[in-house]
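To start, the structure itself, in structure tokens.
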Amino acid sequence: MTEPSDCPPLKPDTIAVHGGIHRTAFDEMAEPIFLTQGYVYGNAAEAEAAFNGELDRYQYSRYGNPTVTMFEERLAAIEGAEDCFATATGMAAVFVSLACVLKQGSRLVASKALFGSSLVVFNEYFANWGIVVDYVDGHVASSWEAALATPADAVFVESPSNPMQDLVDIAFVAGLSRAAGAIFIVDNVFATPLGSRPLEMGADAVVYSATKHIDGQGRVLGGAVLGSAEYVEKVRTMVRTMGATMSPFTAWVLGKSLETLGVRVRAQAATALALAEWLDGDPRVAVTRHPFLPSHPQHELAKRQMTLGGTLVTIDIALPDGVDPHGDEAKAATYRFLDALRLVVIANNLGDAKSIATHPATTTHRRLGPEGRAAVGMCSATVRLSIGLEDFEDLRADIDQALSAV
């Protein structure tokens, strides 16, 4: 897609339909899938020039593929990033976004409220490799000021966090990270490319699990790292050697998914906010968390740095007085709610067209343990609701009857 120089910049929804298209001689309407492991050369000198870096062309699909390039260029254009590299999974994106810049003795500063698998990478693998990992309360400004008063190599956050929806003041942390000499990376999965623009607020890089909203239909796994061309080249160099690259078929699916990202996410976000507003006043729910609820402790920050509140609603089931929220009785009560759901499915994905309920304490955040979960405000009564494309009234009726079963 080439924009005439005298035209105004295209909006994200338009880019999502037309970005990254390079039609072949057949002038196809839908983007082609190049299911090939490699590419042929006209002669031996051409192959040598390609591997020497003197000739810019496809060599091997672990290094690059036309269909994957289409997805990367489209997502980069939506995000407003110089470059993008697609990975096999979201966790591959998280890992390589940091591993390409960290080494033994490096210091990583991260918010405490992170996806469980990210914490495993940091606490077990990075720590074993001699990388120092310091955690802060991501929603507390003074914690960042203290942590970044000394040099660091990288800063990593989720905003909103999974599943408790704590926010990080991205512009504030970006300034501190820059002063500390650190690259600042934001996991933007909950907000989506349409709900928050971390690069515009000073972040150096953004990572996604494309498995979530970008696919949004439960079909494929994928990830992406976006940022400056110089930084993404470090990612590209590492991934093409270690092998966690995206397949052409997955890239084709995700490229087509981007065409409907706007209509899907905006509809899901509207329903999520309406459900959050209803749940926030229900006595059967102890706490309702959604960035755009006035009851959210960082509501003003959310309205300032997000254009959509997201598609997730996190609740704590109300428990009788005296019940330990981290104990078996709380877990049993929450299981009664989950097992009574008829329309909302129990799964551990999010951002799907189908609404999903997840019990983080026993699934996605199980390995944190009770103390680790308590440290980020999570308990056995916590449920993460990922809102899909179903009718609002149908979802409300299902959640209502399930709450009555507790």
Task: Solvent-accessible heavy-atom area per residue, rounded to whole Å², over the chain at 1.4 Å - done: 43
Task: Counting all C-alpha pairs of the range 174-333, share separated by more than 29 Å (%) - done: 35
Task: Surface accessible to a 1.4 Å probe, Tyr135 within the full protein complex, Å² - done: 70
Open item on the list: Under the rule of at least 5 residues apart or a separate chain, name every residue whose amide H is placed under 5 Å from the amide H of Val287.
Closed with: Asp316
Task: Ratio Rg/Rh [Cα only; Rh per Kirkwood] for the range 250-382 - done: 0.99
Open item on the list: Whole-Hz ³J(HN,Hα) for each residue in the range 317-324, computed from phi via Karplus 6.51 cos²θ - 1.76 cosθ + 1.60 with θ = phi - 60°, x for glycine and proline: what do you get?
Closed with: 5, 5, 10, x, 4, x, 7, 5
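Once the cut-off is 23 Å, how many percent of the Cα-Cα pairs in the range 1-113 end up in the long-distance tail?
Everything past 23 Å amounts to 50 percent.
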Task: Cut-off 20 Å (backbone N to label point 7 Å along Cα→Cβ of Glu82), residues of the range 195-228 - done: 197-208, 224-228
Task: Whole-number percent relative contact order across the chain, with pairs defined as alpha carbons under 8 Å at least 6 apart - done: 16
Open item on the list: I want the local charge near Leu55. Using Cβ-Cβ distances under 13 Å, sum +1 for each Lys or Arg and -1 for each Asp or Glu among the other residues.
Closed with: -3
Task: Placed amide H near Phe34: partners under 5 Å, 5+ positions off or other chain - done: Thr67
Open item on the list: Please report, in whole Å³, the volume per residue of the convex hull around the C-alpha atoms of the range 71-113.
Closed with: 113
- [ ] Give the angle, between 0 and 90 degrees and rounded to the nearest 10, that separates the Cα long axis of helix 261-280 from the longest principal axis of the Cα atoms of the chain.
- [x] 10
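Taking the Cβ-Cβ separation of Lys11 and Ala353 as r and a Förster radius of 25 Å, what is the calculated FRET efficiency to the nearest 0.05?
0.60
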Open item on the list: With angles folded into 0 to 90 degrees, how steeply does helix 328-340 sit against the dominant principal axis of the chain? Use alpha carbons for both and round to 10.
Closed with: 70
Task: With 20 Å bins from 0: P(r) over the chain, alpha-carbon pairs, percent - done: 27, 55, 17, 1
Open item on the list: Between the range 294-341 and the range 67-114, how far is it from one alpha carbon centroid to the other, in angstrom?
Closed with: 29
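Report the charge-dipole magnitude of the chain in Debye, nearest 20, computed about the Cα centre from +1 at each Lys and Arg Cβ and -1 at each Asp and Glu Cβ.
Details: 31 positive and 48 negative charges, 120 e Å.
The dipole of the chain has a size of about 580 debye.
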Open item on the list: Whole-Hz ³J(HN,Hα) for each residue in the range 383-399, computed from phi via Karplus 6.51 cos²θ - 1.76 cosθ + 1.60 with θ = phi - 60°, x for glycine and proline: what do you get?
Closed with: 10, 9, 9, 9, 8, x, 9, 5, 5, 4, 5, 5, 5, 4, 5, 5, 5
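What do you get for trypsin sites (Lys or Arg not before Pro) in the range 1-104 restricted to DSSP loop and a cutoff of at most 15 other Cβ within 10 Å of the site's Cβ?
Details: sites: Arg23, Arg57, Arg62, Arg74, Lys103; in loops: Arg23, Arg57, Arg62, Lys103.
Sites meeting the loop and neighbour criteria: Arg23, Arg57, Arg62, Lys103.
Students often get this wrong, so check it: of Lys212/Lys256; Lys234/Lys303; Lys103/Lys212; Lys212/Lys354; Lys212/Lys234, which have C-alpha atoms separated by over 22 Å? Kindly include the intermediate steps, with their values, before the conclusion.
Details: Lys212/Lys256 14 Å; Lys234/Lys303 34 Å; Lys103/Lys212 30 Å; Lys212/Lys354 12 Å; Lys212/Lys234 25 Å.
With Cα atoms farther than 22 Å apart: Lys234/Lys303; Lys103/Lys212; Lys212/Lys234.
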Task: Fraction of alpha-carbon pairs over 15 Å apart in the range 187-281 - percent - done: 67
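The values are calculated or read from the model by the stated rules, or taken from the named source; none is laboratory data. Only a predicted model underlies this, so the values are computations on that prediction, with no experimental measurement involved. So basically every Cβ, Gly included, is an ideal-geometry build from the backbone, and we count neighbours across all protein chains shown. The accessibility values were calculated without ligands, DNA or RNA, using every heavy atom of the protein model including side chains. Shrake-Rupley method; radii C 1.70, N 1.55, O 1.52, S 1.80 Å.
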